[in-house]
Amino acid sequence: VPAIHASHVDLSGALKTEGSGVLGGTGRSRLRSALVLVQVSLSFVLLAGTGLLLQSLAKMRNANPGFSTDVIVSVTDLFSAGYNLERAKLFHTQLLDRVRTLPGVESATLNRVTPFSYKVYSSAPLEIDGYQPAPNEQATSEYNEVGENYFATIGIPIVSGREFARTDDERSPPVAIINERMATKYWPGKNPLGQRLKVKDRWMEIVGIAKNANYRTKLEPPGPFFYVPLRQNFGVQNSLLLRTREKPGAIMNALAREVHALDPNLAPWPASPLQEQIDEKSYSQRLAVTLVSIFGAMALFLAAIGLYAVMSYSVSQGTRELGLRMALGAGTGDLLRLVISRGLRLTTAGIVIGAIAALLLTRLMSNLLYKVSPRDPVSYGSALVVLVGVALLACFLPARRATRIDPVRALRT
């Protein structure tokens with residue numbers, strides 16, 4: 001009778017009720033699984049965010065700002081030295097003439113505000129010949145005071161008209177060079193050359209049109225912008241720009257000698273390529289990448305440890321079930337799939353939740369992204385691949401241990 005009864009045992013039901021650690025779980029096991037779910041979700045959000053920021057930073061680094069970034073920038077502090085306007089004008093004129101004769105210097109100029117520096121551009125309301133503003137519209141634009149040869153030195157092409165000349169000084173009629181964006185906004189379909197704009201009660205004739213360029217950051221598209229001759233709007237403090245074949249260190253020594261020859265009490269600040277100022281302006285993006293990457297790595301590590309712990313606990317609690325399956329003919333591959341599949345189910349659920357959260361949260365990063373969509377598939381796909389790879393590794397170790405269980409000993413426990 002016992003033998004007949006044993007022959008009718010429901011092996012499927014027995015496997016489902018034996019040791020719930022592999023296929024199911026106790027309340028405590030479910031709590032562990034829930035924590036792993038949260039860790040995986042958080043890891044996905046942070047990994048996706050890291051991918052977005054890394055792509056943005058790479059594109060920003062490689063983007064052309066519209067000018068040459070290897071131009072050398074140097075500043076001599078005339079404010080602290082007590083220079084007045086006339087003395088500063090004489091100093092800068094003489095320094096520029098001396099620097100242009102230095103070996104290796106191809107071109108040199110001055111400007112009041114260097115692109116991507118922390119100085120503020122001049123800005124003023126405009127009155128434009130032939131332009132009728134809309135109701136409640138006040139035409140305004142930023143502008144910069146630049147010296148002769150500025151565009152040739154910094155590498156901004158003049159698409160129409162001419163560069164500023166040394167003769168564009170306070171004794172000459174006021175002139176201006178506008179960028180393409182300003183030309184299309186205020187003179188659509190027309191030739192702006194020879195037209196006039198009024199700034200601070202002074203009419204200026206447009207003598208050139210320059211290519212658009214970034215002035216403060218690569219995150220913003222170029223807006224209307226114009227340039228006026230520095231010799232018609234001189235200030236005490238200006239920056240020296242050099243296009244040279246020499247390295248910054250070598251040109252710095254020569255520049256210091258020229259400054260010292262003009263005034264022994266002065267010394268120029270260290271010269272540096274314009275690229276360094278551009279890199280400084282991307283500091284917030286680089287800091288965001290660093291922080292998100294650190295937190296992402298920590299969350300990924302915790303998720304991997306959590307998955308490993310949950311699967312190890314499941315294997316230890318399901319020893320009898322695994323032994324029974326082996327006794328009934330389950331192979332190594334069957335046991336590996338059994339253990340790993342549960343870990344991947346946890347990972348998949350966490351990824352789905354994390355992807356939904358990432359789609360909602362990455363919108364908050366839009367102001368840090370450059371030409372990258374907050375829903376960029378490459379970033380999300382990379383996060384998916386990394387998480388699945390880590391999950392497989394975290395689940396494989398407990399699964400391999402499960403294949404080494406002695407079925408006879410397991411059934412006796």
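The values are calculated or read from the model by the stated rules, or taken from the named source; none is laboratory data. Worth saying up front: this structure is predicted, and the values here are computed from it rather than measured. Cβ atoms come from the backbone with ideal geometry, glycine included; neighbour counts cover every protein chain shown.
Quick notes on this structure:
- Scanning the range 98-121 for residues that are of a type in the set (D, E, K, R) and either more than 18 Å from F164 (Cα to Cα) or part of a loop (DSSP other than H, G, I, E, B) (or both) yields R98, R100, R112, K119.
Residue by residue, here is whether (1) out of contact with any Lys or Arg (no Cβ under 7 Å at 6 or more places or on another chain); (2) farther than 17 Å from L393 by Cα; (3) among the aromatic types (F, W, Y); (4) modelled with pLDDT under 80 holds:
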{"position": "T290", "(1), (2), (3), (4)": "yes, yes, no, no"}
{"position": "L302", "(1), (2), (3), (4)": "yes, no, no, no"}
{"position": "G318", "(1), (2), (3), (4)": "yes, yes, no, yes"}
{"position": "L328", "(1), (2), (3), (4)": "yes, yes, no, yes"}
{"position": "I340", "(1), (2), (3), (4)": "yes, no, no, yes"}
{"position": "R345", "(1), (2), (3), (4)": "yes, no, no, no"}
{"position": "L359", "(1), (2), (3), (4)": "no, yes, no, no"}
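- Of the residues in the range 243-263, none is over 30 Å from E148 (Cα atoms), among the polar types (S, T, N, Q) and either part of a strand (DSSP E or B) or out of contact with any Ser or Thr (no Cβ under 7 Å at 6 or more places or on another chain) (or both).
- Residue match in the range 367-382 (condition: over 26 Å from T217 (Cα atoms), of a type in the set (G, A, S) and in contact with a Phe, Trp or Tyr (Cβ under 9 Å, 6 or more places away or on another chain)): no
- The range 51-62, residues that are polar (S, T, N, Q) and over 10 Å from the mean Cα position of the chain (by Cα): N62
- Which numbered condition I4 misses (of (1) part of a helix (DSSP H, G or I); (2) modelled with pLDDT of 90 or more): (2)
- Looking across the range 74-97, the residues that are buried (at least 17 other Cβ atoms within 10 Å of the Cβ) and either part of a helix (DSSP H, G or I) or of a type outside the set (A, V, I, L, M, F, W, C) (or both) come down to S74, T76, Y83, A88, K89, F91, H92, L95, L96.
- Scope the range 255-306; condition surrounded by fewer than 18 Cβ atoms within 10 Å (Cβ to Cβ) and touching a strand residue (DSSP E or B) at 6+ places or on another chain (Cβ under 9 Å); matching residues: P268, W269, P270, S272, P273, E276, Q277
- Qualifying residue in the range 160-180 (condition: among the aromatic types (F, W, Y), within 26 Å of Q275 (Cβ to Cβ) and in contact with a strand residue (DSSP E or B) (Cβ under 6 Å, 6 or more places away or on another chain)): yes
- Any hit, the range 107-121, residues being in contact with a strand residue (DSSP E or B) (Cβ under 9 Å, 6 or more places away or on another chain), exposed (fewer than 14 other Cβ atoms within 10 Å of the Cβ) and in contact (Cβ under 8 Å) with a residue 12 or more places away in the chain: no
- Which numbered condition V38 fails, given (1) modelled with pLDDT of 85 or more; (2) more than 30 Å from G350 (Cα to Cα): (2)
- Identity of the residue in the range 243-254, in contact (Cβ under 8 Å) with a residue 40 or more places away in the chain and over 27 Å from S160 (Cβ atoms), that ends up surrounded by the fewest Cβ atoms within 10 Å (Cβ to Cβ): R245
- Unmet requirement for L47, which otherwise passes all of (1) at pLDDT below 85; (2) surrounded by 23 or more Cβ atoms within 10 Å (Cβ to Cβ): (1)
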